[in-house]
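The values are calculated or read from the model by the stated rules, or taken from the named source; none is laboratory data. Computed from a predicted structure; not experimentally measured. Heads up, the Cβs are rebuilt from the backbone with ideal geometry, glycines too, and the neighbour counts pull from every protein chain shown. Surface accessibility is based on the protein's heavy atoms, side chains included, excluding ligands, DNA and RNA. Shrake-Rupley method; radii C 1.70, N 1.55, O 1.52, S 1.80 Å.
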Amino acid sequence: MSRFRMYPTPAQQAALLEQCGHARYVWNLALEQWSMWTRDKGPTPDFPAQCRRLTAARAACAWLRSGSQTVQQQALRDFDQAIKNFHARTHRRPTWRKAGRHEGFRIVGPQASRIVRLNRRWAKVNVPKVGWVRLSRAIPEAKSYRITCDRAGRWNLAFAVIPPPIPAPGTGEIVGVDRGVSVSAALSTGELLSCPGLSRREEDRLKQQQRRLARCRRGSNRHRRVRDAITKLHARAADRRRDWVEKTSTDLARRFDIIRVEDLRIAPMTRRPKPKPDPAQPGAYLHNQRHAKAGLNRGILANGWGALVRRLEHKAPRRVEKVNPAYTSQTCSVCGHSAPENRESQAVFRCVACGHRANADMNAAVNIAAGRAVSARRETSARVSPKREPQLATSA
């Protein structure tokens, strides 16, 4: 997807929201019809049958008739594709679309080609039933696009255009990327990369707004204003994280032939801990350190672990290799000795066998670049004899 910012006028924003309401209404009707299916009622209507019912509904309802038929039909087509993906077990079950959260619609066909380039920075697109809307910059050629509105109230237009992959430099260089919380990405070349987030002043303002939101009455205008302010701060952090991921992934794809990362399962890693019942007191629970785990989850998600690897796979296909992460942070990159005592602290690595001392994240990145992974018995292809006992480092 190639996403571009839209700058509609207030009148155009109202028209776009109405189009989003039409698409959401048609989607929810199709979902309700599909959810009420039982074995004695026969098969549910397919896409052509739903389009015929949509034509009858547009003739009977003036509100639905005022919208674009293309937008409403594409909502049915999207739902039909969602059902196929669900039966193929590649996606989850389709869910209800809610106002303020799922604002968007899709345009295909000849109407999607009504795009005019104004200059190097600006362009405009003719949205059905809305008019000409200004875009942020020149756009590529595409046969369809999707218009969405995020929670911060910003309108975006995404084209279904897949950019070509970045060619390999041909130097044969291999880099290992170790992802962390304090350091977002440590490279085996010695570079330490940090994902930018909110500044200290913005974090203080976010805490202040969150305290104000806790004192607001739900549904009031003040509650809405404070919630919008918090949403804009979160959107600002997400934009900076997305920009860092794009620039970092492009730089790595251009500089190295092979990019090796840890094969991490981020979803289970960021899952909240399960409650621990107290066996001595029925109905009570023990302390499970959920506050510390919540802070760790926020740190993992704020550094864009999954987005970085996902964009690397898009830009450098078949050049991203995933390495088993077992004991990569406890294995010495010089002698290959693996022990928990090698990791003195979060940032310091000191091998108890050869005395090698380095940054812990950088040492792990070197192991990842070499493809070193040990088993549960901590067996590794060490550069020394496996029969030799670890030798303590002697002072010079």
Next on the checklist: So, Val133, is that one part of a loop (DSSP other than H, G, I, E, B), open to solvent by less than 80 Å² (accessible area, probe 1.4 Å) and at negative phi or not?
Outcome noted: no
Checklist entry - Exactly one of (1) more than 15 Å from Asn28 (Cβ to Cβ); (2) without any contact (Cβ under 8 Å) to a residue 60 or more places away in the chain; (3) touching a Phe, Trp or Tyr at 6+ places or on another chain (Cβ under 9 Å); (4) surrounded by 12 or more Cβ atoms within 10 Å (Cβ to Cβ) is unmet by Asp80. Its number? => result (1)
Checklist entry - Can you pull out the residues in segment 19-44 that are out of contact with any helix residue (DSSP H, G or I) (no Cβ under 7 Å at 6 or more places or on another chain), free of Cβ contacts under 8 Å to residues at least 40 places away in the same chain and not aromatic (Phe, Trp, Tyr)? => result Leu29, Glu32, Gln33, Ser35, Met36, Thr38, Arg39, Asp40, Lys41, Gly42, Pro43
Next on the checklist: Take the conditions β-branched (Val, Ile, Thr), open to solvent by less than 70 Å² (accessible area, probe 1.4 Å) and more than 22 Å from Gly172 (Cα to Cα) and apply them to Val352. Does it pass?
Outcome noted: yes
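What number of residues in segment 172-190 are open to solvent by 60 Å² or more (accessible area, probe 1.4 Å), more than 13 Å from Ile368 (Cα to Cα) and not polar (S, T, N, Q)? Walk me through how you get there before you give the answer.
The first filter runs over segment 172-190 and keeps only residues open to solvent by 60 Å² or more (accessible area, probe 1.4 Å), leaving 173-174, 181-182, 189.
Now drop any that are not more than 13 Å from Ile368 (Cα to Cα), which leaves 173, 181-182.
Okay, now just the ones that are also not polar (S, T, N, Q), so 173, 181.
Qualifying residue count for the region: 2.
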Next on the checklist: Which pairs turn up if I take residues in segment 154-182 that are within 27 Å of Asp361 (Cα to Cα) and in a strand (DSSP E or B) and look for partners that are open to solvent by less than 60 Å² (accessible area, probe 1.4 Å) and among the hydroxyl-bearing types (Ser, Thr, Tyr) with beta carbon separation below 6 Å, at least 6 apart in sequence or on another chain?
Outcome noted: Val175/Ser188; Gly176/Ser188
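Output yes when any residue across segment 193-211 is closer than 30 Å to Glu321 by Cα, of a type outside the set (Asp, Glu) and surrounded by fewer than 15 Cβ atoms within 10 Å (Cβ to Cβ), and no when none is. Steps first, please.
Initial filter on segment 193-211 (closer than 30 Å to Glu321 by Cα): 193-197.
Now restrict to residues that are of a type outside the set (Asp, Glu): 193-197.
Narrowing further to those that are surrounded by fewer than 15 Cβ atoms within 10 Å (Cβ to Cβ): 194, 196.
Yes, segment 193-211 contains at least one residue that is closer than 30 Å to Glu321 by Cα, of a type outside the set (Asp, Glu) and surrounded by fewer than 15 Cβ atoms within 10 Å (Cβ to Cβ).
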Next on the checklist: Criterion first (open to solvent by 30 Å² or more (accessible area, probe 1.4 Å), within 19 Å of the chain's Cα centre (by Cα) and not hydrophobic (A, V, I, L, M, F, W, C)) does Pro167 satisfy it?
Outcome noted: no
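Sort through Val116, Val125 and tell me the only one that's open to solvent by 50 Å² or more (accessible area, probe 1.4 Å), under 19 Å from Gln12 (Cα atoms) and outside any helix (DSSP H, G or I).
Values: Val125 fails: open to solvent by 50 Å² or more (accessible area, probe 1.4 Å).
None of the other options fit; the residue is Val116.
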Checklist outcome for this item: Residue count, segment 136-153, condition of a type in the set (S, T, N, Q) and in a loop (DSSP other than H, G, I, E, B), comes to 1
Checklist entry - Looking only at segment 328-341, which residues are more than 26 Å from the chain's Cα centre (by Cα) and surrounded by 21 or more Cβ atoms within 10 Å (Cβ to Cβ)? => result Gln330, Thr331, Cys332, Ser333, His337, Ser338
Checklist entry - Can you name the condition, by its number, that Ala88 falls short on among (1) among the hydrophobic types (A, V, I, L, M, F, W, C); (2) open to solvent by less than 60 Å² (accessible area, probe 1.4 Å); (3) within 29 Å of the chain's Cα centre (by Cα)? => result (2)
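Report, by residue number, each residue of segment 203-216 that is part of a helix (DSSP H, G or I) and of a type outside the set (Lys, Arg).
Filtering segment 203-216 for residues part of a helix (DSSP H, G or I) gives 203-215.
Of everything in segment 203-216, those that are part of a helix (DSSP H, G or I) and of a type outside the set (Lys, Arg) turn out to be Glu203, Asp204, Leu206, Gln208, Gln209, Gln210, Leu213, Ala214.
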Item to check | Failed item, numbered, when Gly42 is tested on (1) on the phi > 0 side of the Ramachandran plot; (2) at pLDDT 90 or above | outcome: (2)
Checklist entry - Residue check, Gln13 against (1) open to solvent by 30 Å² or more (accessible area, probe 1.4 Å); (2) touching a residue at least 12 places away in the same chain (Cβ under 8 Å); (3) among the polar types (S, T, N, Q); (4) more than 30 Å from Glu246 (Cα to Cα), all met but one. Which one? => result (4)
